[in-house]
Amino acid sequence: ADEVAAILMKGGPASRDLHTKPKFRTGEPVRAIRMNPDSHTRLPRYLRGCQGKIVAHHNGHVFPDTNAHGKGENPQHLYTVQFAARELWGDKAPARDFVHADLWESYLVPA
């Protein structure tokens, strides 16, 4: 019991081996799904329904939406998606600004 606080502070890796191929490739356009869950999600509301492009693939990681509720790790492919600021906030946003978000595969669909 004396070691619990130290272990929790250290954390642990969330990466997991997957035996499935990634659905998306770097450079591919994607759209974040529209969703309104009753529970935890790591998909920010301001990204929902917006189009971006895959800029990195991080292999498999624990899916927090299920893991946070004790429904299992449900590992999925994790991607960094780049969104143009104008896609998110309209034409008044600077044309050269972007937002990058790490998003799990189930949050994304082909654009």
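The values are calculated or read from the model by the stated rules, or taken from the named source; none is laboratory data. Everything numeric here is computed off the predicted structure, so don't read it as measured data. So basically every Cβ, Gly included, is an ideal-geometry build from the backbone, and we count neighbours across all protein chains shown.
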- Query: Considering 94, 22, 64, which residue is under 25 Å from residue 111 (Cα atoms), of a type outside the set (Val, Ile, Thr), surrounded by 10 or more Cβ atoms within 10 Å (Cβ to Cβ) and touching a strand residue (DSSP E or B) at 6+ places or on another chain (Cβ under 6 Å)?
  - Reply: 22
- Message: It is to be established whether one or more residues within the range 52-64 are among the polar types (S, T, N, Q), within 23 Å of residue 100 (Cβ to Cβ), modelled with pLDDT of 95 or more and out of contact with any Pro (no Cβ under 6 Å at 6 or more places or on another chain).
- Response: yes
- Item | Enumeration of residues in the range 3-22 that are in contact (Cβ under 8 Å) with a residue 12 or more places away in the chain and either polar (S, T, N, Q) or out of contact with any Phe, Trp or Tyr (no Cβ under 9 Å at 6 or more places or on another chain) (or both) | 14, 15, 16, 17, 18, 20
- Report yes if some residue within the range 58-77 is out of contact with any Gly (no Cβ under 8 Å at 6 or more places or on another chain), farther than 15 Å from residue 16 by Cβ and touching a residue at least 60 places away in the same chain (Cβ under 8 Å); otherwise report no. no
- Query: Quick one: in the range 25-50, which of the residues that are within 19 Å of residue 63 (Cα to Cα) and small (Gly, Ala, Ser) is surrounded by the most Cβ atoms within 10 Å (Cβ to Cβ)?
  - Reply: 32
